[in-house]
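If you scroll down you'll find the structure; I have some questions about it.
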Amino acid sequence: MKKFTRQVILFLFPMVLLAYPLDLIVSNLLKKNGSFAHGELSVWNALYDGTIDSEIVIYGSSRALVHIDPEIIETSTGRKAYNLGIDGHNFWLQHLRHTILMKHNKKPKTIILSVDVRSFIKQKELYNSDQFLPYIFFNKEIKYYTESYKGFTVYDYHLPFIRYFGRFQAIKAALLKNSYLKRRNGYEGQDKVWNDDFKKAKANANSIEIELDKELLVLFDGFLLDCKRDDIRVVLVYTPEYIEGQKFMGKRNEIVSLIDSFALKHNVVYLDYSKDDICLEKKYFYNASHLNKLGAEKFTKMLSKDLVLLGN
Amino acid sequence: MLFNSIDFALFLPIVFILYWFVFNRNIKLQNLLIVIASYVFYGSWDWRFLLLILFSTFVDYLVGIALEKEETLKKRRLLLWISIFVNLGFLGFFKYYNFFLDNFTNVFSFFGHKIDASSLSIILPVGISFYTFQTLSYTIDVYRKKMKPTKDFVAFAAFVSFFPQLVAGPIERATNLLPQFVKKREFDYNKACDGLRQILWGLFKKIVIADNCAKYANIIFNNSEVYSGSTLVLGSLFFAFQIYGDYSGYSDIAIGTSRLFGFNLQKNFAFPYFSRNIGEFWRRWHISLSTWFRDYLYIPLGGSKVGKVRVVRNIFVIFIVSGFWHGANWNFIIWGALNALYFLPLLFRSKNRKYMDVVAINSNLPSFKELIQMAMTFGFTLVAWIFFRSDTVSQAIQILSEIFSMSLFGMPSFKKPIIIWVLIFMFIEWVGRDSEYAIEKLGKNWHESLRWGFYYIIVISIFLMGSEGEEFIYFQF
């Protein structure tokens, strides 16, 4: 028995010994990869490194990420801007970015928050979980915001290197340097033309049913209060949606009035562009809910103009 | 709790330490620990399943004791039927209720009678098909006076619920496993090392081969209507290696884990894809289930020692029941029937037991004839796997008609590195084909550092290629 125990310990020893240094090396190298995890790492890096340094920040999902170009806003308003839109995630993880921004960066003066029918939906899967890999080891904030999802286990947060199990692409991305940055100030315009995503979605169902997450609404309410307390102006923006797609979303009107009621309650500006003429033209979209680069430029110019009218 | 999870990686050493360091002087305490550990393991899926297994254990324990006391044949038969009724009753209700209900209503509505019967939303308890057959083997063997019943309830409960093989086999015979629970177990260094090696190889099969093949098999089967014949063949190949890697991998982990605790389980897979005919394939594939059906169904029905018509019936019965055991679905039934059709010509030409040895035992490579035989046998099983994997019979027919069309001769639209892994895997399996499991003897004569290097490569490939928490296919059966 002694021999067996000794042999097992000897066999496992190098793995235990190497786990932490490997974690450190792979995580640090991975952070330097500008395009891994759809480019989200560059945004997390900027957040943790405290290099955001912008008066205007943009929050939201992919509809913020690909719709609002910070450079156009900078040109119009004369104030530095950064896009913190996070692809595939609702307000819960958008709030995580807000928390880290406030902790490690200069406080912004204005937050442009892109809201839509999916902002407050229940989400179970941790979409694009790879983006958290270099940061989650003993990170209380990320653990708090991601542990309720199906993505990481309790061991991933507390045992070194375990979270890289089965993530061959992440290790490969760490080892093969790729300094190409997908994002520009967090923004990623899409040079795409209309595809058949919408057609496929329509063929599969008559409408998309949305289930609201009540906890998320409470968090949103608290966020608006916090911003008021911290003297940060929040501008709620409903960015353009292709008109046909709007009919496809169940509970859309209910959610739009809910956003309206939040704006009224907290006395924040709410700009709804979902009835704008841009929503009638397919050439500005690549699918029903996302503008292409051409549409994003046109829309950001409209938004910037309105921001200037509002007095920055 | 899955074998391929960190939970199990923590659970196993805890039970191992308690078993050999704390309770090693008392066999009863060791058995009690196994029962508790097994119930924790099983309850981690759903604690309600424990009530079922506990009830089944009580019934069969009491039936066993009553059978020993009872001498009259009539009463003994009644006791046996009680056990069969309870065990198959649970299995029938949880696994087949909705299937029979749907088919009855379909038949009645075909004849113009509408029946208002709504199906129930039933959760299938994990492993019920496995432990039901295991406990049935006990009562049948006691009834046949092949073994004496045990009076040690804890040992019996440990036999029924033994966690390494509880949820997906091998389906152990009471005559093999139960006596091991009443005999003192001594720690054996070589046996334990062998157990660890087999666990490692099982994890490789499951995580590297099965789970990665599954990704592509699922894509191809879920969109079968858009793929060409050649891609569908590739999809079927992926599935063939998925199911083999998955289930034989599970069996290896189960057998290896048991060895750590001093138990010997029966071999469940013996390199089936190197079979030279279907008869050999069925002696090498899911051996514990095939032999269960042979001993408790085929032979009682008369086996092959009856007239030709009855032999045909018996063969169809065991293969169809075997298919139905896998699930309440017409696809499984057709899969079973197809295998019966493959098997019958061999039986009538008395060639079903022709290949009892290991292929190319004295050479490194198979002869041309053996190669053709293996390829043909594999081809036949591949056609049957298409029925097994498809969602409906019509999907299987659609896939087969596409495969047997001109599109078979185009290039498949999938070129994935997993094919290289499968080839490496099959090479290692070929090298180790005369062993209990492929890497049993591989590297035994190498220098320790070289051997450990080989094991580290396996560990690293598991780490890189894996995805935690992928379920085993056989859990659903």
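When the dipole is taken about the Cα centre of chain B, and only Lys, Arg (+1) and Asp, Glu (-1) are charged at their Cβ, what size is it in debye, to the nearest 20?
So the dipole magnitude of chain B works out to roughly 1740 debye.
Right, next: Using only Cα atoms, what Kirkwood radius does the protein assembly as shown have, in angstroms?
Averaging 1/r across every pair of different Cα atoms and inverting gives 30.4 Å.
Here's another thing I want to ask about it. Could you calculate, for chain B, the ratio of the Cα radius of gyration to the Kirkwood radius, expressed as Rg to Rh?
Radius of gyration over Kirkwood radius for chain B works out to 0.96.
Projecting each Cα onto the charge dipole of the range B:6-185 (Lys/Arg +1, Asp/Glu -1 at the beta carbon, about the Cα centre), which of B:Gly169, B:Leu33, B:Phe23 comes out farthest on the positive side?
The residue sitting most towards the positive pole is B:Phe23.
Let me spell out the model: positive unit charges on the Cβ of Lys and Arg, negative unit charges on the Cβ of Asp and Glu, origin at the Cα centre of the protein assembly as shown. What dipole size does that give, in debye rounded to 20?
Charge dipole of the protein assembly as shown: 2660 debye, to the nearest 20.
Counting other Cβ atoms within 10 Å of each Cβ, which trypsin sites (Lys or Arg not before Pro) in the range B:1-96 have at most 15 and sit in a DSSP loop?
Listed in order of number, the matching sites are B:Arg25.
Now for a separate question. Could you work out the longest stretch of chain A that avoids the chymotrypsin sites (Phe, Trp or Tyr not before Pro) located in DSSP loops with at most 13 other Cβ atoms within 10 Å?
Of all site-free stretches, the longest is A:1-137.
Of B:Met356, B:Met406, which has the most accessible area with a 1.4 Å probe, and how do the rest follow in descending order?
Largest accessible area first, the list is B:Met406, B:Met356.
If one computes the Cα centroid of the range B:383-450 and of the range A:1-59, what distance in Å separates the two points?
Cα centroid to Cα centroid, the span is 35 Å.
Here's a follow-up. Carbon and sulfur: what percent of the protein assembly as shown's accessible surface (1.4 Å probe)?
Ligands and nucleic acids excluded, carbon and sulfur reach 62 percent.
Continuing with the same structure: About its Cα centre, what dipole magnitude does chain A give when the only charges are +1 on Lys and Arg Cβ and -1 on Asp and Glu Cβ, stated in debye to the nearest 20?
1020 debye
Ok, one more. Take every DSSP beta bridge with both residues inside the protein assembly as shown and express the antiparallel ones as a percent of the total, to the nearest 5.
20 percent
Per DSSP H run of at least 4 residues, take -39500 (n - 2.57); add these up for chain A, divide by its residues and hand me the 222 nm value, nearest 500 deg cm²/dmol.
It lands at -14500 deg cm²/dmol.
A follow-up question, please. I'd like the distance separating the alpha-carbon centroids of the range B:321-342 and the range B:1-78, in whole Å.
Value for the Cα centre distance between the two parts: 31 Å.
Here's another thing I want to ask about it. Got the relative contact order for chain B handy, in percent, Cα pairs under 8 Å and 6 or more residues apart?
It rounds to 19 percent for chain B.
For chain A, what does the accessible surface come to per residue with a 1.4 Å probe? Please give it in Å².
Roughly 48 Å² per residue, with all protein chains present.
In Å and whole numbers, how far do the C-alpha atoms of the range B:6-185 stretch along each principal axis, longest first?
Principal extents (Cα only, largest first): 69, 51, 22 Å.
Give a quick list of trypsin sites (Lys or Arg not before Pro) in the range A:116-151 that DSSP marks as loop, anything other than H, G, I, E or B, with at most 10 other Cβ atoms within 10 Å.
Filter output for the range A:116-151: A:Lys124.
What GluC sites (Glu not before Pro) in the range B:49-144 are in a loop by DSSP, with at most 16 other Cβ atoms within 10 Å of the Cβ?
The qualifying sites are B:Glu70, B:Glu71.
Would you rank B:Phe380, B:Phe414 by solvent-accessible area, highest first, keeping every protein chain in place and using a 1.4 Å probe?
Greatest to least solvent exposure: B:Phe380, B:Phe414.
Let me ask something else. How much area per residue is accessible in chain B when the probe is 1.4 Å and only protein heavy atoms are counted (Å²)?
Value for chain B: 45 Å² per residue.
What whole-number distance in Å separates the alpha-carbon centres of the range A:246-270 and the range B:209-249?
46 Å
Here's something else I'd like to know. For chain A, build the charge dipole from Cβ charges (+1 Lys, Arg; -1 Asp, Glu) around the Cα centre, then report which of A:Gln94, A:Val308, A:Pro160 sits farthest towards its positive end.
Of the candidates, A:Pro160 comes out farthest on the positive side.
Less than 28 Å apart at the alpha-carbon level, and either on another chain or at least 8 residues along: which lysines does that give for A:Lys283?
A:Lys182, A:Lys192, A:Lys199, A:Lys200, A:Lys202, A:Lys247, A:Lys251, A:Lys275, A:Lys293, A:Lys298, A:Lys301, A:Lys305
The values are calculated or read from the model by the stated rules, or taken from the named source; none is laboratory data. What you see is a predicted model; the values in this text were computed from it and never measured. All Cβ positions, even for glycine, are placed from backbone atoms using ideal geometry, and neighbour counts span all protein chains on display. What goes into the accessible areas is simple: the full protein's heavy atoms, side chains included, and nothing from ligands, DNA or RNA. Shrake-Rupley method; radii C 1.70, N 1.55, O 1.52, S 1.80 Å.
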